[in-house]
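Read through the structure below, which is laid out as structure tokens, and then see the notes.
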């Protein structure tokens, strides 16, 4: 039973951390918080990690009932969240390279405004987007009502959530260190690559949602005359 629990934790953590991709998100986070001090950025990273943990716990334990309650399908979740990611990636990809004070149309936020944006868009959809939410729901979809199995599954879900939150905080709070090693030009390149990947991930999530919606329609038998 312990081996199965460890296997479930490793499988869930690997799947979620690969979708969240905190290393790519760290450069997006750094760009959005360029006007903050190191302490303010660390506090914001901690807030995002806590928010991400809350989102994943909700997805693990009551994600499916919430979607059913509001009549939201998984396809709609993917399409809407993918669109939000794609738009954010496109805006970053086309942002000028001039310093923040010279940028037109790009508003840098202070610490208070940054904290107000900790949940949206820095946590959702940047960190825990539709892909990670859907993955968390899928990981817990087969949870049985048998007490022992439910307890083990719940322990695995909590452990996965805590591990992901710690990883997000450690990487986001050290975004400046990553940028320092890469240098100015390397950070610009990494930011553009992250923006492009964010755009591609958003488009892929949209395509997945559209395919899941359209394939059942295309494969429906013709109506009898």
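Here, each number is a calculation from the coordinates, and none is a lab measurement. No experiment lies behind these values; they were computed from the predicted model shown.
Rounded to the nearest 10 degrees, the angle from helix 2-20 to the longest Cα principal axis of the chain is 50 degrees. With everything on Cα atoms, drop me the angle between helix 175-218 and the longest principal axis of the chain, reported from 0 to 90° to the nearest 10. It works out to around 30 degrees. Against the chain, whose longest principal axis comes from its Cα atoms, helix 147-173 is set at around 10 degrees. Fully extending the segment from residue 115 to residue 1, taken as 0.36 nm per residue of separation minus the present Cα-Cα distance, adds 36.9 nm. Legend: translational diffusion of the chain by Stokes-Einstein, Rh = Kirkwood radius over C-alpha pairs, 37 °C, 0.692 mPa s; D = 174 µm²/s. Here the gap between residue 38 and residue 212, fully extended at 0.36 nm per residue and compared with their Cα-Cα distance, gives a gain of 58.3 nm.
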